[in-house]
Amino acid sequence: MALDVLEAIRAAEKEAEQIIQKAEEDAKKIIEEAKRKAMEEEKKIVEEAKKKVDGMMNAAVKEAEEEIKKIETETKDKIEKLAKSAEGRLPDAVNLIVRTITGGVL
Amino acid sequence: MSEEEKIKKIRDRIIAQAKKKADEIINEAEREAKRIIEEAISEAKHKAEVILRRGVEESQAYKRRKIAEATLKWRIEYIKSREKFIEEVFRKANEELQNLVRTDKYRKVIKNLILDALNVLGSGEYEVIIAGDTAVSIDLNEIARLSKEKLGIDVKLSMASERVRSMGGVIVRTKDLSFVVDNTFEARLKRMYEPLRVQVARMLFK
């Protein structure tokens, strides 16, 4: 009878060992899965940020291009206006130089 | 209690303890898993913040740099166009001065430039060199008289035998060359370039 008891205890202990071993294996899997998920999440968050940065850079390029175009147009207008007004004053300016160089004769 | 029931009770207790320990192991693993994920997310958020902050700075810096480059480029273009007009005025003035030496007015110009030189030199004896390819006959005695009348300067003038390579104008000098007033067009243009440039710019772009 005592032998039966010992055997039953040994069997129960073996079963208990298996339960714990299984739990340890499951725990290992949970950790591995968590690590995988952590990497995935990290990658996702970082990639999202990089994507936002790409968007910002694209927007900056576009804004800069628009501003540059505006500067170009404004300056060309300014140069055109300058040319128009200067063109009419050019003969007087030539006379000024000639008059000064010739000692005020002309 | 029967012997069988006692064995079952012992077995159940061993299994129950094992299950409890297994639950603890799993619970601990789940806590650790949660911690790993939370930590990774927090770290990733921090990295993302750094990336975004740098992104904002870099994109704004890019925009500022490109706009500054364009502003400078077009500012230079504008200045160049102004310069082009100023240079055009000087080019045309040069043309007119070149043409002037072939006109009747040139004689008057020469007289004026000699008087201007005498005004600088004061009384004395001087040589006059008339520049330009065109031969101009100048009455130096008349100029000496005008010098006395208008400037109160007594001078004796003679024509130097040498020629000077120039567009036009005169050189008035002492015979020993210790005093020379170069009133050739080129020399006057060179001397007066800066103030003339300012006046021309004012006139053109007022």
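The values are calculated or read from the model by the stated rules, or taken from the named source; none is laboratory data. Small disclaimer: the values here were computed from a predicted structure and weren't measured. Cβ coordinates were reconstructed from backbone atoms using ideal geometry, including for glycine residues, and neighbour counts include every protein chain displayed.
Screening region B:113-206 for strands (runs of 3 or more DSSP E) wholly inside it with 1 or more residues that are in contact (Cβ under 8 Å) with a residue 12 or more places away in the chain and loosely packed, with under 14 Cβ neighbours inside 10 Å returns the ranges B:124-130, B:155-159.
Against the test of being within 7 Å of chain A (Cβ to nearest Cβ), modelled with pLDDT of 95 or more and surrounded by 15 or more Cβ atoms within 10 Å (Cβ to Cβ), the options B:7, B:37 yield a single qualifying residue, B:37. Checking the stated criteria, residue B:64 turns out not to satisfy the condition of being closer than 30 Å to residue A:95 by Cα, without any contact (Cβ under 8 Å) to a residue 24 or more places away in the chain and either under 26 Å from the mean Cα position of the chain (by Cα) or not in a helix (DSSP H, G or I) (or both).
Among the residues making up region A:84-103, those that are facing chain B (nearest Cβ under 7 Å) and over 12 Å from residue B:90 (Cβ atoms) are A:86, A:89, A:92, A:102, A:103. For residue A:15, the requirement of being at the interface with another protein chain (Cβ under 8 Å from one of its Cβ atoms) and out of contact with any Ser or Thr (no Cβ under 8 Å at 6 or more places or on another chain) is met.
Only one of the listed residues (B:51, B:76, B:41) is over 26 Å from residue A:52 (Cβ atoms) and not basic (Lys, Arg). That residue is B:76. Taking residue A:74 as the residue in question, decide whether it is without any contact (Cβ under 8 Å) to a residue 60 or more places away in the chain, surrounded by fewer than 17 Cβ atoms within 10 Å (Cβ to Cβ) and either closer than 20 Å to residue B:81 by Cα or of a type outside the set (D, E, K, R) (or both). Spelling it out, residue A:74 is indeed without any contact (Cβ under 8 Å) to a residue 60 or more places away in the chain, surrounded by fewer than 17 Cβ atoms within 10 Å (Cβ to Cβ) and either closer than 20 Å to residue B:81 by Cα or of a type outside the set (D, E, K, R) (or both).
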